[in-house]
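Colleague: Would you mind keeping the following structure in view while I ask a few things?
Values in this text are rule-based calculations from the coordinates and carry no lab data. Everything numeric here is computed off the predicted structure, so don't read it as measured data. Counting neighbours? That spans all protein chains shown, and the Cβs are built from the backbone with ideal geometry, glycine included.
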Amino acid sequence: MKKLIIIGAGGFGREVLQYALDIKEAGAADWEIAGFLDDNIKALDGYSCEYGIVGTVVEHKITGEHVYICAIGDPKTKLGICRRFLNEDAEFINVVHPKAYVARNCKMGFGVVLCPNSSVTTNVAIGSFVAIDVNSICSHDVKIGDGCTISHFCDLTGFSVLGEGVFLGSHAVVCPSVKVGDYAKLGAGAVAIRDVGAHATVVGVPAKKIHSAQAEAGVSEGQKCR
């Protein structure tokens, strides 16, 4: 049986560990848990955690005995690591919590995390290395590009589209048929009622683009996956 390694031992990594344990308890896992990879070897200091850090990301050697899931919230960092691992023949699995809802006719890539009470309804297409956090909803005909991070309580409404590497802060809403460009960021509580350009950072209701000096504060407040 292969051993699961979680890439990233931050807050989201510890949550993903719990989801993996729930999957095992439900009898739906064909792997054992090995532990975490993190370049900060002290990332778990001070936390109660039954699995430790087994190595660093930069020094890890890919072998056929492991499968992987990435628990890093920042899309650019996540995709950089995952694509490097893929080039070295790493095998990524999906971590779909038993309490997540996924319709039968949805399409999903690999390296996907679906957290408890997330919902993926009919004819949704999800790319690889996507994280959909607790209580977020992807409605009918939504398309989500590789590497997106969707924080908790987000609402992707019908026919909306996320490009590659999009980040949604908690409680963000993408209205019907709205398209969000590659590596754009929606701050916590933002409501996108019109298309959002690539690499833009938008906040507010309705969502408006902000300048780079304001961008980090606008998005990081309420940021969930990390």
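Colleague: So how much slack lies between THR56 and ALA26, counting 0.36 nm per residue of separation and subtracting their Cα-Cα distance, in nm?
Modeller: Separation in residues times 0.36 nm, less the Cα-Cα distance, equals 7.8 nm.
Colleague: For segment 2-93, take every pair of Cα atoms, bin their distances at 5 Å starting from 0, and report each bin as a whole percent.
Modeller: With 5 Å bins starting at 0, P(r) equals 3, 14, 27, 27, 19, 9, 2.
Colleague: Now a separate question. So, by mean Cβ neighbours within 10 angstrom, what's the order for 136-148, 48-60 with the highest one leading? Display every interim value, and only then the final one.
Modeller: Values: 136-148: 22.9, 48-60: 13.8.
Ranking the peptides 136-148, 48-60 by packing returns 136-148, 48-60.
Colleague: Using DSSP to define loop residues, name the trypsin sites (Lys or Arg not before Pro) in segment 149-216 whose beta-carbon has at most 12 other beta-carbon atoms within 10 Å.
Modeller: Numbers: sites: LYS179, LYS185, ARG194, LYS208, LYS209; in loops: ARG194.
Sparse-neighbourhood loop trypsin sites (Lys or Arg not before Pro): ARG194.
Colleague: Also, quick follow-up: Anything over 22 Å Cα to Cα? Flag those among LYS24/LYS99; LYS24/LYS185; LYS76/LYS143; LYS3/LYS78; LYS107/LYS209, in the order listed.
Modeller: Values: LYS24/LYS99 13 Å; LYS24/LYS185 34 Å; LYS76/LYS143 19 Å; LYS3/LYS78 20 Å; LYS107/LYS209 31 Å.
Too far apart for the 22 Å limit: LYS24/LYS185; LYS107/LYS209.
Colleague: Considering only DSSP beta bridges with both partners in the chain, what is the antiparallel share in %, to the nearest 5? Let's see the in-between values first.
Modeller: Details: 2 of 47 bridges.
In the chain, DSSP labels about 5 percent of beta bridges as antiparallel.
Colleague: Angle check, please: helix 75-87 long axis (alpha carbons) against the longest principal axis of the chain (alpha carbons), in degrees 0 to 90, nearest 10.
Modeller: Roughly 40 degrees, rounded to the nearest 10.
Colleague: Give me the Å³ per residue figure for the convex hull around the C-alpha atoms of the chain. Let's see the in-between values first.
Modeller: Working: hull volume 25.3 nm³, N = 226.
With only Cα atoms used, the chain gives 112 Å³ per residue.
Colleague: Go ahead and set up a Gaussian network model of the chain, Cα springs under 10 Å, then flag whichever of ASN105, ASN117, ASN94 fluctuates most.
Modeller: Most flexible of the set in this elastic network: ASN105.
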